[in-house]
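Let me begin by presenting the structure, written as structure tokens, before commenting on it.
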Amino acid sequence: MTVKYARLGVSSNDCLALALAKQEDCPLLTGDAALRQVSMLENVEARGTVWLMGELIEANVIVVDQAVSAYDAMRADGSRLPWHDVDTQIKKFRNR
């Protein structure tokens, strides 16, 4: 798998995580665009930061303001999250 996807910028550790998710028939948690693309090719569901933050809020592990602070730090650090989805998520949780 590593050789197959090396040209797409996927590391051997990425391939290991993907292979394990495929073997265990579970979603792959990643923020890496290349790994997300490869997971689609391998029919492995990939979930990312926005999904994880939503789960943490739903489970009352964090409150919305903590998520907002974390997202603000990610934005300041140059993260390329789907910011429209982030804004939609925050509005959803603030309005419940």
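Please treat every number below as a calculation from the coordinates, not as lab data. What you see is a predicted model; the values in this text were computed from it and never measured. Here the Cβ positions follow ideal geometry from the backbone for every residue, glycine too, while neighbour counts run over all protein chains shown.
Working from Cα positions, state the angle (0 to 90°, nearest 10) between the long axis of helix 12-24 and the longest principal axis of the chain.
80 degrees
Points 7 angstrom from Cα along the Cβ direction at L20 and A6: gap in nanometres?
The modelled label-to-label distance comes out at 2.2 nm.
Could you give the dipole magnitude of the range 49-94 about its Cα centre, charging the beta-carbon of Lys and Arg +1 and that of Asp and Glu -1, in debye to the nearest 20?
Computed charge dipole of the range 49-94: roughly 120 debye.
By how many degrees, 0 to 90 and rounded to 10, does the Cα axis of helix 64-76 deviate from the longest principal axis of the chain?
For 64-76 against the chain, the angle is about 60 degrees.
If each DSSP helix of 4+ residues adds -39,500 (n - 2.57) and the sum is divided by the residues in the chain, what number results at 222 nm, nearest 500 deg cm²/dmol?
Computed ellipticity for the chain at 222 nm equals -19000 deg cm²/dmol.
Mind checking the angle between helix 49-58 and the chain's longest principal axis? C-alpha axes, 0 to 90 degrees, to the nearest 10.
50 degrees
For the chain, what is the convex hull volume of the alpha-carbon atoms per residue, in Å³?
Looking at the chain, the number lands at 113 Å³ per residue.
Treating the beta-carbon of each Lys and Arg as +1 and of each Asp and Glu as -1, no other charges, what is the dipole magnitude of the range 2-47 about its Cα centre, to the nearest 20 debye?
In total the dipole reaches around 180 debye.
Could you size up the charge dipole of the chain around its Cα centre, putting +1 on the beta carbon of Lys and Arg and -1 on that of Asp and Glu, and report it in debye to the nearest 20?
240 debye
Once you place label points 7 Å from the Cα toward the Cβ at D77 and V64, how far apart are they in nm?
In this crude spin-label approximation the distance works out to 2.4 nm.
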